[in-house]
Amino acid sequence: MQRKPSLPRPFFVKKSCRGILLLHAYSGSSNDVRMLSRVLENNNYTVSAPILTGHGTFEPLDILAASVEEWRRDVRQAFKKLAEECEEVSVFGLSMGGILAMDLLVEQLPEIIGGGLFCSPLFKTENQVPENFFRYAEQVYQIAGVDPVVQTEKLARIKEAEGQQLKAIEALGEAVAQKLSGLRVPVYLAQGGKDEMIDATTVYKTVAALPQTDVSFHWFAKSGHVITVDPVHKHFEATVLQFIENLPWNEEKQ
């Protein structure tokens, strides 16, 4: 009998008063950002990587049972906890996590001094998210050893339900995009040129919407969608670290 892998867990590693909030993708977990987190921890940053409601289980329907508003609340709770430990915070996210990160960023909270997104479509674009989520669900059910008959029933429910949730995520991205002109803190953007999930060129709309602030934009021509675990991840991590190191942390203001 195949042994189930262990479920992912959220993590919070305290290193200093410089806090970094990392948010995972739509069908992901804290594992999405674990390698990036280790790099930041090794450079003396406190890192928080929560797991959003419904994620990190062997039941993909748990994700569909949650809502975008619940995820927004999850992000704010994680931020509040991190801000209690750190004087200043920077927030980043992968894919949907990037939309949620920018949603927090546009609130212009005084503790947040910068942040950004990785392969995240703030603007509406062609995407393969429904197909990829369905394949993800099939894989999870196989790993979990779900009975084939039950699996077929669950997959039918997923096909029926996921469209509405994806529209809600898209709507949040559009709402965030409309607020980008108010941003004044530095923004980091990363995009994989071989993104198999979204139209990679959509990131240029985000760049164009941020003329009023400092933008650090990085195009990784050979990377796919999940850039945090892609073969280019070390190069990617180096650019994120450089961006974070250049943020106006409090001790540099004094």
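The values are calculated or read from the model by the stated rules, or taken from the named source; none is laboratory data. This is a predicted model, so every value here is computed, not measured. Cβ: placed from backbone, ideal geometry, glycine included. Neighbour counts: every protein chain shown. Heavy atoms of the whole protein, side chains included, go into the accessibility calculation; ligands, DNA and RNA do not. Shrake-Rupley method; radii C 1.70, N 1.55, O 1.52, S 1.80 Å.
Only one of 37, 30 is without any contact (Cβ under 8 Å) to a residue 40 or more places away in the chain, in contact with a Pro (Cβ under 7 Å, 6 or more places away or on another chain) and polar (S, T, N, Q). Can you tell me which? When all the criteria are applied, what remains is 30. Taken together, the residues in the stretch 69-93 that are over 18 Å from residue 180 (Cα atoms) and either of a type in the set (Val, Ile, Thr) or in contact with a Cys (Cβ under 7 Å, 6 or more places away or on another chain) (or both) amount to 4.
Among the candidates 177, 171, 190, 200, which residue alone is closer than 27 Å to residue 41 by Cβ and within 18 Å of the chain's Cα centre (by Cα)?
On the way: 177 fails: closer than 27 Å to residue 41 by Cβ; 171 fails: closer than 27 Å to residue 41 by Cβ; 200 fails: closer than 27 Å to residue 41 by Cβ.
Just one listed residue meets the conditions, 190.
Of all the residues that make up the stretch 52-63, how many are of a type in the set (D, E, K, R) and surrounded by 15 or more Cβ atoms within 10 Å (Cβ to Cβ)?
From the stretch 52-63, those of a type in the set (D, E, K, R) are 59, 62; that's our starting set.
Remaining after also requiring surrounded by 15 or more Cβ atoms within 10 Å (Cβ to Cβ): 59.
Within the stretch 52-63, residues that are of a type in the set (D, E, K, R) and surrounded by 15 or more Cβ atoms within 10 Å (Cβ to Cβ) number 1.
Cβ-Cβ contacts under 8 Å between residues 6 or more apart (or on different chains), taken from a first residue in the stretch 177-188 that is more than 14 Å from residue 215 (Cβ to Cβ) to a second residue that is basic (Lys, Arg) and at pLDDT 95 or above, are listed as 177/205.
Kindly establish whether residue 12 is farther than 25 Å from residue 223 by Cα and at pLDDT below 95. The answer is no for residue 12. Filtering the stretch 81-97 to residues that are open to solvent by less than 10 Å² (accessible area, probe 1.4 Å) and out of contact with any helix residue (DSSP H, G or I) (no Cβ under 9 Å at 6 or more places or on another chain) leaves 82, 86. Which residue out of 78, 49, 66 is among the aliphatic types (A, V, I, L, M) and surrounded by fewer than 18 Cβ atoms within 10 Å (Cβ to Cβ)? Only one candidate passes the filter, namely 66. Look at the stretch 86-102: where a residue is closer than 16 Å to residue 170 by Cβ and among the hydrophobic types (A, V, I, L, M, F, W, C) and a partner is open to solvent by 10 Å² or more (accessible area, probe 1.4 Å) and in a helix (DSSP H, G or I), sitting 6+ places away or on another chain with Cβ atoms under 8 Å, you get 96/169; 99/169; 99/172; 100/72; 100/172. The residue of the stretch 10-37 that is surrounded by the most Cβ atoms within 10 Å (Cβ to Cβ), among those that are more than 20 Å from residue 95 (Cβ to Cβ) and not hydroxyl-bearing (Ser, Thr, Tyr), is 19.
Among the residues of the stretch 143-184, which ones are of a type in the set (Lys, Arg) and under 30 Å from residue 104 (Cβ atoms)? Break it down into steps so the answer makes sense when it comes.
Within the stretch 143-184, the first condition is being of a type in the set (Lys, Arg), and the residues that meet it are 154, 157, 159, 167, 179, 184.
167, 179, 184 - these are the residues of the stretch 143-184 that are of a type in the set (Lys, Arg) and under 30 Å from residue 104 (Cβ atoms).
All conditions in (1) acidic (Asp, Glu); (2) over 25 Å from residue 98 (Cβ atoms); (3) modelled with pLDDT of 95 or more hold for residue 147, with the sole exception of (3).
If the condition is being in contact with a Ser or Thr (Cβ under 8 Å, 6 or more places away or on another chain), more than 16 Å from residue 8 (Cβ to Cβ) and β-branched (Val, Ile, Thr), then the stretch 26-74 contributes only 46. Considering the conditions (1) touching a His at 6+ places or on another chain (Cβ under 7 Å); (2) within 25 Å of residue 248 (Cα to Cα), residue 197 is excluded by exactly one of them, (2). The condition of being modelled with pLDDT under 95, open to solvent by less than 10 Å² (accessible area, probe 1.4 Å) and closer than 19 Å to residue 227 by Cβ holds for only one of 118, 133, that being 133.
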